[in-house]
1. Give me the log10 of I(q) over I(0) for segment 9-372 at q = 0.07 Å⁻¹, as the Debye formula computes it from C-alpha points; what are the numbers?
2. In nm, to one decimal, how far is the ASN8 label point from the LYS108 one, both placed 7 Å along Cα→Cβ?
3. Using a Förster distance of 22 angstrom, determine the FRET efficiency expected from the C-beta separation of ILE321 and LEU68, and round it to 0.05.
4. Around ALA273, with a cut-off of 13 angstrom between Cβ atoms, what is the net charge of the other residues, counting Lys and Arg +1 and Asp and Glu -1?
5. From the phi angles alone, apply the Karplus equation (6.51, -1.76, 1.60; θ = phi - 60°) to segment 292-301 and give each ³J(HN,Hα) in whole Hz, x where the residue is Gly or Pro.
6. What distance in nm separates the simple spin-label points at LEU203 and ARG56, each placed 7 Å from Cα in the Cβ direction?
7. Using amide H atoms built in the peptide plane, which far-off residues or other-chain residues are under 5 Å from TRP343 H to H?
8. Per residue, what volume in Å³ does the convex hull of the Cα atoms of segment 79-151 enclose?
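Read the figures in this text as sums done on the coordinates, not as results from a lab. Bear in mind that the values here come from a model prediction, so they are computed numbers and not experimental data. Cβ coordinates were reconstructed from backbone atoms using ideal geometry, including for glycine residues, and neighbour counts include every protein chain displayed.
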Amino acid sequence: MKVRLRINNAAMIYTLFAIAFMGGHILKIQSLVANFGIALVGLCAFSYSVLKKGIRGINAYLILIGALYSVFMILSLFYNGNADYLDLLWIWAYMGIAILTYEFEISKRTYWNVAYFIIALICIYMVKGGTAASLLSMGSQNNISAYVIFFVIMGYLSIMKEKRAIKYYSSFLTLAICLWTGSRAGIISASLLLVGTFLYNFLAIKGQKIKSLAKWCVLICFAVWAVTHFLGKYLLGLTAKLNRYGSGSIRTEIWREYIQGIEENIGNFFLGANTSNGTYRWLSFYNGNTHNSFLMLHAKFGLLALGLLIFLIFLVVHKAIKEKNYIIIIILLTASARMFYDWIAFPGLYDVLFWYMYLYILSRQDYEDRRLEQLNE
């Protein structure tokens, strides 16, 4: 008996993207080569999407917004030099992955297989005694939580339209990995994802209240035992870290420096302050990294791009509440919390989520435009 493994082109490209991204960050590959591989898969996704779907409808709107962001980046680059011309490629690479995942039929199993495969690899590494500090060859151990959360979120998006109950396994395992890494930002974000999942299953899914509450209680009891049994030494390390630093962080000093920079003159306010010219102590020490994706958006794209993003978030929340699409609100809160403490977007991996949200907003507008065209014929 022959068994056929059927996987469409879109699913294959998404899987290749996950392999290129995680492989490029875990394996000891030169950063230039790793980034080239990630960008290449993203640009292939963009090309494939344009060839198959064409530049019309929501794609035309999205490409127009992408061109607008490109102009913002170029203007900011001329003013402060924070960006690089190669950064423009990331806009379209991550947009390609967003179009691919929003407009093409990729099975839920593909998204969850990718997420659980990444989680399984990290868990095996943990069990074998590996340390979080040595897992990534490109990026810090704090980024581990960001990457795991992203691929789990993609699994959440795959069931968004069905409005089905969400299983807790992925969110519990994500929180366990965040505890292992000792990333306070990761722990906060994973906790939001876990609590949001429970509230969604308990409140939004009909007939699931008792079942969801029972599952929650069982999993909480198991999680407490598992964390104390397997992650006890990591919890001690995290406790020591909190005792040493408290709620403070060097990030707050970096943010304060950047905000002072944009207050210096109107050019910095509108186009972004130069983060690597040696003027600011901690910004220079971290090579211009503000450790905050929203501040990096301002630094590399300017105030108009930040304003456009805030407007997008408002539209997404309004539409999600209107449609009772609470999954995307959970995703938005989780992603925003994680982005607040590290540079993982603009440009970065989490750009995929925001391009996806643009498509989510534009899809309704495209439907209304086509409906008006039909009425006028």
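1. Here the Debye-derived log intensity ratios amount to -0.31.
2. Placing both labels 7 Å beyond Cα along the Cβ direction yields 1.7 nm.
3. Numbers: r = 27 Å, r/R0 = 1.21.
Computed FRET efficiency for ILE321 and LEU68: 0.25.
4. Details: positive: ARG256, LYS300; negative: GLU257, GLU263, GLU264.
Computed value for this residue: -1.
5. 7, 5, 6, 5, 5, 4, 5, 5, 9, 10
6. 4.2
7. Sorted by chain and number, the residues that satisfy this are HIS291, ASN292.
8. On the way: hull volume 8.7 nm³, N = 73.
Per residue, the Cα convex hull of segment 79-151 comes to 119 Å³.
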